[in-house]
């Protein structure tokens, strides 16, 4: 058979639960014999996708093809697909042998016989006891649990139950084996052993594996292909190497391994500015494009002060076994670094980041984001300006008393002075004023792009710290000095430290 | 301080006393009465007049009516239990599997009769049977008794079954379907075996009371149905022969014990931990 043959294909598959979308218009195919991992945080739709392939859930719309045949509405018991469940789901009333033989005993084969007078008779036949015995003992050997046949499954350890669950699925020789976070309940050492065993099993059996996990390390270790999902959508499909080295967006980068993610701007031909420094890079993006810059902690090289591109102070250093994980504070930005050589906290160091190790991703720019803080007057400072804002949105149901303290719904008084906040301002909510005095913050227009029905203007504040991206109907000129004003109700605030009580 | 502290053993004293007074002592008294007769013309229940004898047992087994009562008692109990299970299982299963919010209301409606006085329920059933004409026929006495017993004990069957079925792991059912079992196959191979403990406790809840509760057979049987419970009552309240009554109570005890051994055999295939207490 053709190695490239698609064994299963999802076409525009969508699943809704009571109106909320769990999986959105998904298109995916898996090649025969592949080890594919669906990776994502909980609630990203990966388990739902698996359950639709198994047949436990019917898609709201779309089609699922198995070997080119539509199986969208085929019940699970007629699909040549078996599942290893998260919590094993062994039958507690059956012993190990009966658990594994469960599927085999149900199986019926159509055998055609020719009678003496030449008629063809089709008979449905069961597997014989001897055949079942043989298959069960073979599969028990595969999972290293020979002589466990008569044991009660409830007396087995988690790892052993897991092996039985795997044995119970593969003994049926399915075309596809689905594994729904099968190692989630095991301890770390056991999990790592099982990862290798599963990988070996996959190589030995030649069955297509579709594996669901939220553990990126598991996915990187075992898979041929990783499908990264978020909010019911596929973010990226690729080999573990591709996904790790060339993540498509900041989410994938962050989810796969540790990453430093900075917001940056393209300032020249293969030049990107982030942490207030201009770096050479290898990706080609349009000038002034807002981008996410991803740098892996192990790709940041620590050197003595002054010998690198940027300098800062070590604020934390944790021993992680093979390496030290250190945090370098540069201005207000933290850079996480992994290095085998320890630098003491408080030491000033420089870092070097090579152009190859700077991964640049287009930012889906829908909102201006800033880091700011609240002043005594309950205004918010960000991007070189001070803006009036509604601080009561930080705590639901809160209000301000006469003295300007915030009173929460529970009656607790909070002093917001100098509290760090995240600020979001919509692109259409920024008003540009033609002089640099009347607004709340001022800067220079560095770019103006016509976007069909409006202009997108980028205003950079004077100390070149922050940009305002503004959608506007009016045309402006580059290098104009302008100021910006933002209506009080269009500034959205959230606390940096979650739920500080 | 030490003088005030109780060990855990001390906490058990009230229960030990209770058991001694209300379980062990009465049982001993029954045994004493069962194996003795009184020489006096009029029963005085004075222990000095007692003499050891098997007479009570010999008398009991000598009367064919008594043997008949045993057959009827157990026959009624078994039929009632089977009918109760046949009605209760689908009800409990449907309720347990339904996602509807009114599920609790339905469950409540099914078990609500449990809270209404038992004698009243039986009297009401008598009126109903009279109205549809069943009660007027002597041949239907046994049928009427069964109807009454099923009606009275159905809630006791639904409840334990529902409790087991609601706890059934959905993953296990999915695993069964995944391995190739159709709906009915999953039901017989997984659901029924796993609800074994519920079935056993439902049987226990129905089988034992129905062998002895003569109120139903008295009220609905039109005097044609005599069960063991009735025989015991007669000895104690009409004949004032405590010795004969105790002997019948002992026979019943042994018979019930044997029945429980048999039910225990059926459930021995179940998972040990989930079988209520592992007593039988």
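Bear in mind that the values in this text are calculations on the coordinates, not laboratory data. Values in this document were obtained by computation on a predicted structure and should not be read as measured data. Here the Cβ positions follow ideal geometry from the backbone for every residue, glycine too, while neighbour counts run over all protein chains shown.
Here are a few things to note about the model shown:
- The long axis of helix B:242-267 is offset from the longest Cα principal axis of chain B by roughly 20 degrees.
- Inter-chain shielding of B:186-198 (mean C-beta neighbours from other protein chains, 10 Å cut-off): 2
- For the listed peptides B:206-215, A:330-339, A:146-155, a ranking on the average number of other beta carbons within 10 Å per residue, highest first, reads B:206-215, A:330-339, A:146-155.
- Mean separation of Cα contacts under 8 Å (6+ apart) over length of chain A, as relative contact order %: 10 percent
- If R0 is taken as 30 Å, the Cβ-Cβ distance between residue A:58 and residue A:126 corresponds to a FRET efficiency of 0.50.
- Annotation for residue A:424 and residue A:489: the two label points, set 7 Å from Cα along the Cα-Cβ direction, are 1.8 nm apart.
- Average beta-carbon neighbours from other chains, 10 Å sphere, peptide A:194-200: 0
- A Gaussian network model of chain B, with springs between Cα atoms under 10 Å, assigns the largest mean-square fluctuation among B:167, B:189, B:101 to B:101.
- FRET efficiency for residue A:245 and residue A:270, using Cβ-Cβ distance with R0 set to 22 Å, rounded to 0.05: 0.75
- Per-residue extension of 0.36 nm, minus the Cα-Cα distance of residue A:407 and residue A:154, leaves a gain of 85.7 nm for this segment.
- Simple spin-label estimate for residue A:475 and residue A:67 in nanometres, 7 Å along Cα-Cβ: 6.4 nm
- Tensor-based shape of chain B (alpha-carbon gyration tensor, a/c under 1.5 rounded, otherwise prolate or oblate): oblate
- Separation between Cα centres of the stretch A:14-52 and the stretch B:71-85, rounded to whole Å: 53 Å
- Candidates B:29, B:179, B:253: whichever shows maximal mean-square fluctuation once chain B is modelled as a Gaussian network with Cα springs under 10 Å: B:179
- Overall shape: prolate for the stretch A:93-173, with the ratio a/c of the largest to smallest alpha carbon gyration tensor axis at 1.5 or above and a/b above b/c.
- Near-label residues of the stretch B:223-250 by backbone N, under 17 Å of a point 7 Å along Cα→Cβ of residue B:78: B:227-228
- Computed on chain B, with alpha-carbon pairs under 8 angstrom and 6+ residues apart, the relative contact order is 26 percent.
- Rounded FRET efficiency, nearest 0.05, which uses the C-beta distance separating residue B:255 from residue A:111 and R0 of 51 Å: 0.45
- Neighbour-count ranking [beta-carbon atoms within 10 angstrom, fewest first] of B:118, A:492: B:118, A:492
- The alpha carbon gyration tensor of the stretch B:20-95 gives principal lengths a ≥ b ≥ c with a/c of 1.5 or higher and a/b no greater than b/c, which makes the shape oblate.
- The label point for residue B:66 and the one for residue A:31, both projected 7 Å from the Cα toward the Cβ, are 8.7 nm apart.
- Relative contact order [Cα under 8 Å, 6+ residues apart], the stretch A:256-390, whole percent: 23 percent
- Span from the the stretch A:62-127 Cα centroid across to the the stretch A:339-361 one, whole angstrom: 56 Å
- Taking every residue in A:83-92 and counting other chain Cβ atoms within 10 Å of its Cβ, the average works out to 5.
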